[in-house]
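S.K.: Pasting a structure here, questions to come.
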Amino acid sequence: MRTLPMKSALARTVLAVCAVLALGASTSTAAATPASQAPVPDPDGKYCSVELTDQQKPACFITEQDLLSYNSATASVDLVAVYNWINYERGGGYTIYSGADGACSASTSDPEYQVADLNFPYTTSNPSGIAENNTYSSVSTYTAQTCDIKLFDGADFSGASSEWIDRCTHLGGSGTGDCPSTNWYDRASSFRLS
């Protein structure tokens, strides 16, 4: 049997003690670092997220940053943002609609997503406690998803409808750019995405 010299045994003991201390320090440091928490929805928030395959559960937030953090943590794809103010102004609140099934097709003849009534279930949606019915002032689809939005005057896609819109800074009926030629400012009660 081979016996290690005293110097080597002492060195190994010192190394073992240092390793234990280092492990304890890294464990206590990790425990002291708070885990990041997901933002908490607030029914009075004016920055909202709606997953179009589960429209019963809109999530609204007090700050825009909480909305963006929430959306980045979900598996859904952002499809369109609808704003209460013109020029995509965020101060009035807005809603991002997303889809678990991903992007839209290039054709508008077969809508991939739709909301039949903006009065329901969005009673706690933006701005603070009013329904989204008749509140859209500007809209912007997300380019990578190739979606367009068609607005309808009535619930269940009834009444007059807009052209297919990619982006519009003011739904007042200017017809400039991609804006409709008729007034859709604060008018939509339902919509389709394709």
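S.K.: Look at L79 and say whether it is under 22 Å from the mean Cα position of the chain (by Cα), within 20 Å of D166 (Cβ to Cβ), at pLDDT 90 or above and hydrophobic (A, V, I, L, M, F, W, C).
M.R.: Spelling it out, L79 is indeed under 22 Å from the mean Cα position of the chain (by Cα), within 20 Å of D166 (Cβ to Cβ), at pLDDT 90 or above and hydrophobic (A, V, I, L, M, F, W, C).
S.K.: Separate question: What are the residues in the range 45-102 that are among the acidic types (D, E) and in a loop (DSSP other than H, G, I, E, B), if any?
M.R.: Correct list: D54, E89, D101.
S.K.: Let me ask something else about it. Cβ contacts < 7 Å: first residue outside any strand (DSSP E or B), restricted to the range 105-130; second residue exposed (fewer than 14 other Cβ atoms within 10 Å of the Cβ) and modelled with pLDDT of 85 or more, any location; separation 6+ or different chain. Result?
M.R.: Within 7 Å, the pairs are E112/S105; A116/D156; D117/D156.
S.K.: Can you find, within the range 42-67, the residue that is surrounded by the most Cβ atoms within 10 Å (Cβ to Cβ) among those that are within 21 Å of V139 (Cβ to Cβ) and aliphatic (A, V, I, L, M)?
M.R.: L67
S.K.: Taking the stated definitions as given, is C18 at pLDDT 85 or above and of a type outside the set (F, W, Y)? So that I can check it myself, show each step before the final result.
M.R.: Values: at pLDDT 85 or above: no; of a type outside the set (F, W, Y): yes.
In short, no.
S.K.: If I ask for residues that are open to solvent by 20 Å² or more (accessible area, probe 1.4 Å) and closer than 21 Å to R192 by Cα, which ones from the range 68-83 would you list?
M.R.: Correct list: S76, V77, D78.
S.K.: Can you tell me which residue is modelled with the highest pLDDT among those in the range 33-53 that are closer than 27 Å to L118 by Cβ and among the polar types (S, T, N, Q)?
M.R.: Per the criteria, the residue is S49.
S.K.: Can I ask one more? Residues of the range 152-166 being touching a Lys or Arg at 6+ places or on another chain (Cβ under 9 Å), in contact (Cβ under 8 Å) with a residue 12 or more places away in the chain and open to solvent by 50 Å² or more (accessible area, probe 1.4 Å), which ones?
M.R.: Residues satisfying the conditions are D153, E163, W164.
S.K.: Considering R90, R187, R192, R167, which residue is at pLDDT 90 or above and either within 21 Å of P43 (Cα to Cα) or within 17 Å of the chain's Cα centre (by Cα) (or both)?
M.R.: On the way: R187 fails: either within 21 Å of P43 (Cα to Cα) or within 17 Å of the chain's Cα centre (by Cα) (or both); R192 fails: either within 21 Å of P43 (Cα to Cα) or within 17 Å of the chain's Cα centre (by Cα) (or both); R167 fails: either within 21 Å of P43 (Cα to Cα) or within 17 Å of the chain's Cα centre (by Cα) (or both).
On inspection, the qualifying residue turns out to be R90.
S.K.: Hey, another quick one. Can you tell me which residue within the range 155-176, out of those that are of a type in the set (G, A, S) and either in contact with a strand residue (DSSP E or B) (Cβ under 7 Å, 6 or more places away or on another chain) or not in a loop (DSSP other than H, G, I, E, B) (or both), is farthest from N119 (Cα to Cα)?
M.R.: In this case the residue turns out to be S162.
S.K.: Is it fair to say T146 is modelled with pLDDT under 95, farther than 23 Å from V77 by Cα and of a type in the set (S, T, N, Q)?
M.R.: no
S.K.: Do we have any residue at all in the range 101-120 that's more than 23 Å from Y185 (Cα to Cα), within 13 Å of the chain's Cα centre (by Cα), open to solvent by 40 Å² or more (accessible area, probe 1.4 Å) and at pLDDT below 90?
M.R.: Taking every residue of the range 101-120 in turn, none turns out to be more than 23 Å from Y185 (Cα to Cα), within 13 Å of the chain's Cα centre (by Cα), open to solvent by 40 Å² or more (accessible area, probe 1.4 Å) and at pLDDT below 90.
S.K.: A follow-up question, please. Give the residues of the range 164-194 that are touching an Asp or Glu at 6+ places or on another chain (Cβ under 7 Å) and not aliphatic (A, V, I, L, M), sorted by residue number.
M.R.: Going through the range 164-194, the residues touching an Asp or Glu at 6+ places or on another chain (Cβ under 7 Å) turn out to be 164-168, 178, 180, 187, 189-190, 193-194.
Result: W164, D166, R167, C168, D178, P180, R187, S189, S190, S194.
The values are calculated or read from the model by the stated rules, or taken from the named source; none is laboratory data. What you are looking at is a predicted structure, and each value in this text was computed from that prediction instead of being measured. Cβ atoms come from the backbone with ideal geometry, glycine included; neighbour counts cover every protein chain shown. When the accessible area is computed, the model is the full protein with side chains, heavy atoms only, and any ligands, DNA or RNA have been set aside. Shrake-Rupley method; radii C 1.70, N 1.55, O 1.52, S 1.80 Å.
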